[in-house]
Amino acid sequence: MVEAKAWRRAARTGLAALVAGGGSFTLTAGALSAGALATDPLDGSSLADDSPAAADGEVEVTFDESERELLSIIATSSTVQVRASECDGATLGSGVILDGRIVTAAHLIPEGADLSAGANSVRLAALDRSIDLAVLDGTTVLDGAVREVRSTPPVAGEPVLVAGHAAGGPLRVIEASVHHVDIGAVWGLDTEVVVLDRALQPGYSGGPVLDRHGRLVGLIHGFDAVSGLSIVVPLPENGLDVDVEPGTATGRPDCGETG
């Protein structure tokens with residue numbers, strides 16, 4: 001179990017350092033810089049070889065074959081790659097289609113970036129960095145298979161399905177288990193968070209986490225490369241009814257181009 005300590009987040013660099021009692025951990029955000037792609041993931045492991053971290057007294061629960069097949073269909077039809085382009089490169093992550101819009105992680109959205117989701121050009125409709133949530137609108141209404149947001153927190157040992165574009169590559173869908181539910185302040189967020197039992201590569205950030213009924217548990221926020229745990233941020237009770245923070249603007253970046 002992760003002890004309650006204060007985290008300071010540095011979303012633009014993708015790292016946050018924890019210093020408490022002389023010890024240190026590293027929380028790595030799930031965003032990936034397109035200009036810094038590497039063959040080795042930042043957590044030093046491959047998805048195929050990830051070993052979930054066991055919680056004390058936890059009983060492993062998995063999906064049966066029919067559940068896994070259905071959830072994979074829901075995830076693949078609802079997950080998109082999110083790209084935020086700037087003058088010096090791009091940040092890559094994931095997002096999920098919900099109610100005709102795309103929800104993703106706010107730390108993927110820098111000031112003044114040009115945004116796209118899959119093949120669609122999108123605009124920022126809402127953003128709240130305190131809960132790491134951004135809502136994107138496209139020129140057309142998008143259709144995904146996620147129909148419901150889970151309203152109650154999951155329990156330790158409960159299986160979930162995670163989808164995202166690991167390392168900026170093709171969509172991957174993997175299984176994980178809930179390790180525990182934590183208070184948001186522990187992880188530098190103004191919301192309760194769900195902690196999963198495995199570390200996820202950069203690029204999963206903003207991707208959906210689904211329960212066995214296909215309900216959206218939350219979005220991937222980041223991972224702790226030391227403990228092998230990942231952080232999931234649930235959607236707020238008011239759903240997608242959040243405002244754009246003052247001073248936040250997106251669109252074609254001004255790169256000093258001349259005609």
Rounded to a whole number, what % of the accessible area of segment 79-204 do carbon and sulfur atoms account for, probe 1.4 Å? 48
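Please give the peptides 82-95, 194-207 ranked by average Cβ packing (other Cβ atoms within 10 Å per residue), highest first, as a rough proxy for protection. Working shown, then result.
On the way: 82-95: 21.6, 194-207: 27.6.
Ranked by mean Cβ neighbours within 10 Å, highest first: 194-207, 82-95.
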Extension length gain for S130 and E111 (0.36 nm per residue less Cα distance), in nm, is 5.3 nm
With labels modelled as points extended 7 Å from the Cα through the Cβ direction, what inter-label distance (nm, one decimal) is found for V141 paired with A119? 2.1
At 7 Å along the Cα-to-beta-carbon direction for both V226 and D88, put a label point, then send me their distance in nm to one decimal. 2.8
Can you tell me the accessible area per residue over segment 99-206, all protein chains present, probe 1.4 angstrom, in square angstrom? 36
For segment 119-175, which trypsin sites (Lys or Arg not before Pro) pass both filters: DSSP loop (anything but H, G, I, E, B) and at most 14 other C-beta atoms within 10 Å? R147
Tell me the accessible surface of E111 in square angstrom (1.4 angstrom probe, heavy atoms of protein chains only), to the nearest ten. 100
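The values are calculated or read from the model by the stated rules, or taken from the named source; none is laboratory data. In this text the structure is predicted, and so the values were computed from the model without any measurement. Virtual Cβ from ideal backbone geometry, glycine too; neighbours counted across all protein chains shown. Side chains included, ligands, DNA and RNA excluded: accessible areas come from the protein's heavy atoms. Shrake-Rupley method; radii C 1.70, N 1.55, O 1.52, S 1.80 Å.
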